[in-house]
Amino acid sequence: MFRNLRTTVQNAPLNAAQIEVLAKANQLAGNGNPGDAAPLFAELARELDVLRPRQAANLHARAAHAYADAGNAQSALTQARTGLSMFIQYRMVDRSPVFYANITRKFNNKGMKGAATAIQNEFGGKVGSLPPQSPAPAKTALRHGTLPTNCPKCGGPVHSEGASWIDNQTIECEYCGTPIRATVNKP
Ligand SMILES: [Zn+2]
């Protein structure tokens, strides 16, 4: 009965101290300080690796983007490798191709050709061989209502694609695990 990961609520919200770190990291990243945000994301990800691997995977991905934005190719590559490996290991099939495409593009745009090539060589075949994304995520979001763009608790970005719906109107924040309610548009 726990086979469907998408509908299994397996991630309890983070504790108060962890949410504080995450909120600070999101704020720094949003204020043009990716170099200060990146180690906070990476540290929190490492802390959650074992107990909350899906949240940890998303945080490694955030750390990779922040390190790349800060011009630190080596740390960005390390975080991207860990994030992608975990997305694949935990069958997060909506996240892996999206993150793979985004981080490869970012590496190339920032002149980090070595990192882009490494990711493509190591993960291109694996991401490509994963099952296709679930159909019509946009329609799913519409049916559920409108989600806020950021988590009210930790400030992390909210993606309706691949979200874990707790009930008809509620998703779980992919970073901190807080339930986030969608607003249903009244006719
Ligand atoms: Zn959150």
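A few notes on this one:
- Violating pairs (Cα-Cα greater than 29 angstrom) within the set Lys24/Lys106; Lys24/Lys126; Lys126/Lys153: Lys24/Lys126; Lys126/Lys153
- In straight-distance terms, cross-link reach from Lys110 covers every one of the aspartates and glutamates whose alpha-carbon lies under 19 Å from its own, apart from those fewer than eight places away in the same chain; here that gives Asp36, Asp69.
- Residue (of Pro39, Gly111, Leu59) at the positive-pole extreme of the stretch 33-132, dipole from beta-carbon charges: Gly111
Read-outs: derived from the displayed coordinates by stated rules, not from any lab. Keep in mind that what you see is a predicted model, and the values were worked out from it rather than measured. Reconstructed Cβ throughout: ideal geometry from the backbone, glycine too, with neighbour counts over all protein chains shown.
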